[in-house]
Amino acid sequence: MLNYPLVAIVTLLALLLYFIMGIRVGRDRLKYKIDAPAVVGHPNFERDYRIQMNTLEWLPIFLPSLWLFAVSWGSDRIAAAIGAVWIIGRYLYLTGYAKAAEARGPGFGIQALAAGVLLLGALGRLIWLATQHGA
């Protein structure tokens, strides 16, 4: 039986959001006639491309931290709630940055804070557990 169904759902929702970002980049390539492997061209394409790439850069921080937080604290709900905040931040990053590069800050800050809480929360808990059990 799955002990962390909410964290699993948040994981899949984060990947779904990333999938949508990839579709946006592909759509822009067709719309603005930007052939691969080019990553410059129309400003709308460049912003959508950076949205996707920046999210890719954060996924290796977010996903392991999400799961390690859930497992180390034994809390599906709290980890999933913080993970949902990360997704909301990423969505706000997407919608803000898609309009103007200057509008990406709030969403970026929200997701960075959520990822930091998961990362440092998991690390702190695991260090505490290791010192309590003589590991």
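The values are calculated or read from the model by the stated rules, or taken from the named source; none is laboratory data. These figures come from a predicted structure and were not determined experimentally. Please note: Cβ atoms are built from the backbone with ideal geometry, for glycine as well, and neighbour counts cover all protein chains shown. Ligands, DNA and RNA are stripped out before the accessible areas are found, and what is left, the full protein with its side chains, is counted by its heavy atoms. Shrake-Rupley method; radii C 1.70, N 1.55, O 1.52, S 1.80 Å.
Structure values in brief
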read-out: Under the Karplus curve 6.51 cos²θ - 1.76 cosθ + 1.60, θ = phi - 60°, whole-Hz ³J(HN,Hα) for the stretch 74-79, x wherever Gly or Pro sits; value: x, 10, 5, 5, 5, 4
read-out: Reported label for calculated percent of Cα pairs over 21 Å apart given (i) 47; (ii) 66; (iii) 35; value: (i)
read-out: Cα→Cβ-extended label distance, 7 Å offset, between His133 and Ile20, nm; value: 3.8 nm
read-out: The stretch 94-108 versus the stretch 1-22: alpha-carbon centroid distance in Å; value: 23 Å
read-out: Carbon and sulfur %, accessible surface of the chain computed with the full protein complex present, 1.4 Å; value: 72 percent
read-out: Accessible area per residue, Å², the stretch 69-135 with all protein chains present, probe 1.4 Å; value: 54 Å²
read-out: Label point distance in nm, Arg77-Val39, each placed 7 Å from Cα along Cα→Cβ; value: 4.2 nm
read-out: Modelled FRET efficiency - R0 30 Å, Tyr32 with Leu59, Cβ distances, 0.05 increments; value: 0.70
